[in-house]
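Take a look at the structure set out below.
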Amino acid sequence: MNRSATNMTRREFLALAAQVGVATALAPTLAACAPSGPTYDDHVKRVWEQPLDAGGNMNSQILEIIRYATLAPSGHNTQPWKFAIKDNTIRILPDFARHLAIVDPDDRELFISLGCALENLVIAAQQMGYADETALFPANDPDAIVVRLNESKTKSDSHLFDAIPIRQSTRNEYAKQKIPTDDLQKLEQASQAPCISALLFTENQPIESFIEYVKEGNRQQYADKHFVEELIQWLRFNDDEALQRRDGLSTRCSGNPSTPRWLGSFFVGGSNGDDQTEKDAKNIRSSAGMMLFVSERNDKAAWVETGRAYERYALTATTLNIKSAFLNQPIEVPTLRSQLQTRFNLAGAYPQLLLRFGYSQVMPRSLRRPIEAVIGRG
Ligand SMILES: Cc1cc2nc3c(=O)[nH]c(=O)nc-3n(C[C@H](O)[C@H](O)[C@H](O)COP(=O)(O)O)c2cc1C
């Protein structure tokens, strides 16, 4: 009996993947130890364990500051940013070649990602002894976020800086443990910004409601073959793929086995979202709480400010050893997004990001493209 992918349960897929994985794993040894380049872990070290080098002239310092900016999170790890440098000015530009046409048609998540990178950039610049003058899409440069750096006498508070190379999106099951009230307050304070609020939920009733929205989000997204094709395009099913591109969603980062692309695409392509929902619901119920970032306006400046507020939240959470993971499905589906506005009495404010938080083990890290790949004339 030829069983279509949809009948293949996650357990069966993992068993098959393990067999294929063993075969794939043996292949290299059988290939008489062909010389191999740097491994995934080598690249993780290069990306996440290289301290900020404050030596050198201003230009090399600016390159280091930009390197720290690129450690920011981005939708599907698209890294949709370009940086142009002129003297003491850095322009951050959207890289629309990395646009997610299906899940992010209006580039909302792209500009939120630029906001995350901007926040890292400003924090790293302060650590380097620079104060920033930042303008979002000024009239004389409407496509760019313009950051002018000036020598600063004030010593920066480095606790968020130290968290930049530690922060990650941690997509495993969390330890269902409450977070002390004063730490919850620190998370809320860190997330506040003009026209941006972060609503925090720790009670079961709203959290179960979010699970229903995530479930419906998965159902609608996986029913859309264009969404699934785009997701498969950005998934990196094994280390070779991840090392070739150094972007996208490495299956390592979500605890899935390494598989050949044909098998991974077959499984994801055949899923109706139920597996994802089962996993999301279990993970959400293992979390200490959820947070919904909302903004008063819904334009690119508000999206950048949302990204900045989220990054300050994520770095503060990291200093408190609190992990986070996104569940933006109900915000990415327009009908569900407006339902969230009503269900949570947002009075016209716009939901921008939904995440869960709690205590957990660190997961394998995502990769980043080399700095040379993101420096552009812009
Ligand atoms: C605007 C935005 C939206 C995101 N949406 C999701 C999401 O819906 N689900 C998810 O698992 N991760 C989501 N992420 C996390 C990215 O996939 C993650 O940042 C990227 O893979 C890099 O990994 P890192 O955050 O661990 O460095 C989002 C990130 C950003 C900035």
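The values are calculated or read from the model by the stated rules, or taken from the named source; none is laboratory data. What you see is a predicted model; the values in this text were computed from it and never measured. Every residue, glycine among them, receives a Cβ derived from its backbone with ideal geometry; neighbour counts consider all protein chains shown. Each accessible area value is taken on the protein alone, full model and side chains, heavy atoms only, with ligands, DNA and RNA left out. Shrake-Rupley method; radii C 1.70, N 1.55, O 1.52, S 1.80 Å.
Rounded, prolate or oblate: which fits region 66-105 when a ≥ b ≥ c are the square roots of the eigenvalues of the alpha-carbon gyration tensor, with rounded for a/c under 1.5 and prolate only if a/b beats b/c? Since a/c reaches 1.5 but b/c is at least a/b, the shape of region 66-105 is classed as oblate.
Basic side chains Lys and Arg get +1 at the Cβ, acidic Asp and Glu get -1 at the Cβ, and with that the dipole of region 239-378 about its Cα centre reaches some 300 debye.
Rounded to two decimals, the Cα-based Rg/Rh of the chain, with Kirkwood Rh, is 0.96. Derived value for region 210-280: Kirkwood hydrodynamic radius 12.7 Å. Basis is the mean of 1/r over every pair of different alpha-carbon atoms. Taking the Cβ of residue 294 as the centre, find all other residues whose Cβ is under 12 Å away and add up their charges (Lys, Arg: +1; Asp, Glu: -1). Local charge sum for residue 294: 0. If you count Lys pairs in region 65-206 whose Cα atoms are under 24 Å apart, skipping same-chain pairs closer than 8 places in sequence, the total is 4.
Computed over region 310-378, the P(r) curve from all C-alpha pair distances, binned at 10 Å from the origin, holds 16, 31, 31, 20, 3 percent per bin.
Defining a contact as two alpha carbons under 8 Å apart and six or more residues distant in sequence, what relative contact order in percent does the chain show?
Computed value for the chain: 25 percent relative contact order.
Summing +1 for each Lys or Arg and -1 for each Asp or Glu among the other residues whose beta-carbon sits under 14 angstrom from that of residue 258 gives -1. For region 223-321, the calculated P(r) over all alpha carbon pairs, in 5 Å bins from 0 to the bin holding the longest distance, is 2, 10, 14, 15, 16, 20, 16, 6, 1 percent. Residue 176 exposes around 130 Å² of accessible area when a 1.4 Å probe is run over every protein chain in place.
Close amide-amide hydrogen proximity is noted between residue 249 and 235, 236, each under 5 Å apart and 5 or more residues distant or on a separate chain (H modeled in the peptide plane; Pro and chain starts excluded).
For residue 159 and residue 203, compute 0.36 nm times the residue count separating them, minus their Cα-Cα distance, and round to one decimal in nm.
12.9 nm is the gain from fully extending residue 159 to residue 203.
The simple spin-label model puts a point 7 Å past each Cα toward its Cβ; for residue 172 and residue 212 those points are separated by 3.2 nm.
Computed over region 50-209, the percent of Cα pairs more than 27 Å apart is 33.
Summing charges over all other residues whose Cβ lies under 14 Å from the Cβ of residue 49, with Lys and Arg as +1 and Asp and Glu as -1, gives +2. Screening the chain for DSSP H helices whose Cα atoms reach 24 Å or more along their own axis and whose mean Kyte hydropathy is at least 0.0 gives 10-30, 108-127.
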